[in-house]
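Peer 1: Take this structure first; my questions come after.
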Amino acid sequence: MNGDAAGFSGRDHDQLLELLASLERDRARIDAQQQRVLAQLAAEPVPIPSLGEAIEKEWVREEIACVLRLAPCTAGSRLHDAVELVERLPGTLAALACGDITLLHARSLVEAIDGLDDATTAKVEQRVLATAAPGQTVGTFRQALKRAVLALDPRQAE
């Protein structure tokens, strides 16, 4: 499909860049919604209509893998990240929903807080979202995350 068929002809360079930025914000909003859905799926038992029972959550990962066409281990990682964002990183999820950060930023934060207690996690999140995240590349954001984690939990340096 060429650009003309997609309705992009007649737009100047700046308009195309603004459209691209708008699409990226829209993608972030959709990613935030997907995180909420994944976390909800992780939280509820899976009903078996024919038996009137619920099965263990181990099957949720496989169902998500099928629906999203992912490997089960990737689906498991996505479930983990979604639960962390919903339960421990609400500010990050809100920033994603506003389009201020991307899903890669959010996943970097989930990775950075692994092993931290809830209080330290909240401080790290607050620090990096207030001073670093908007406008930063993922690589620069990860560096800011490392600095924040080391400042707030020096044991991580070990």
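The values are calculated or read from the model by the stated rules, or taken from the named source; none is laboratory data. Here the structure is a predicted model, which means the values were calculated and not measured. Please note: Cβ atoms are built from the backbone with ideal geometry, for glycine as well, and neighbour counts cover all protein chains shown. Note: areas computed on protein heavy atoms with side chains; ligands, DNA, RNA excluded. Shrake-Rupley method; radii C 1.70, N 1.55, O 1.52, S 1.80 Å.
Peer 1: Could you count how many residues in the range 112-147 are open to solvent by less than 90 Å² (accessible area, probe 1.4 Å), assigned to a helix (DSSP H, G or I) and over 14 Å from LEU89 (Cα atoms)?
Peer 2: Step one: list which residues in the range 112-147 are open to solvent by less than 90 Å² (accessible area, probe 1.4 Å), which gives 112-113, 115-117, 119-122, 124-125, 128-130, 132-141, 144-145.
Narrowing further to those that are assigned to a helix (DSSP H, G or I): 112, 119-122, 124-125, 128-130, 138-141, 144-145.
Right, trim to over 14 Å from LEU89 (Cα atoms) and you get 138-141, 144.
Qualifying residue count, the range 112-147: 5.
Peer 1: Now a separate question. Does LEU96 count as within 20 Å of GLU24 (Cα to Cα), in contact with a Ser or Thr (Cβ under 9 Å, 6 or more places away or on another chain), crowded, with 18+ Cβ neighbours inside 10 Å and at pLDDT 95 or above? First the steps, then the outcome.
Peer 2: On the way: within 20 Å of GLU24 (Cα to Cα): yes; in contact with a Ser or Thr (Cβ under 9 Å, 6 or more places away or on another chain): yes; crowded, with 18+ Cβ neighbours inside 10 Å: yes; at pLDDT 95 or above: yes.
Considered against the rule, which asks whether it is within 20 Å of GLU24 (Cα to Cα), in contact with a Ser or Thr (Cβ under 9 Å, 6 or more places away or on another chain), crowded, with 18+ Cβ neighbours inside 10 Å and at pLDDT 95 or above, LEU96 comes out as yes.
Peer 1: If you go through the range 77-121, how many residues are in contact (Cβ under 8 Å) with a residue 40 or more places away in the chain and of a type in the set (D, E, K, R)?
Peer 2: So the count comes out to 4.
Peer 1: Okay, moving on. Take the conditions surrounded by fewer than 17 Cβ atoms within 10 Å (Cβ to Cβ), part of a helix (DSSP H, G or I) and modelled with pLDDT of 95 or more and apply them to LEU109. Does it pass?
Peer 2: Details: surrounded by fewer than 17 Cβ atoms within 10 Å (Cβ to Cβ): no; part of a helix (DSSP H, G or I): yes; modelled with pLDDT of 95 or more: yes.
So LEU109 fails the test.
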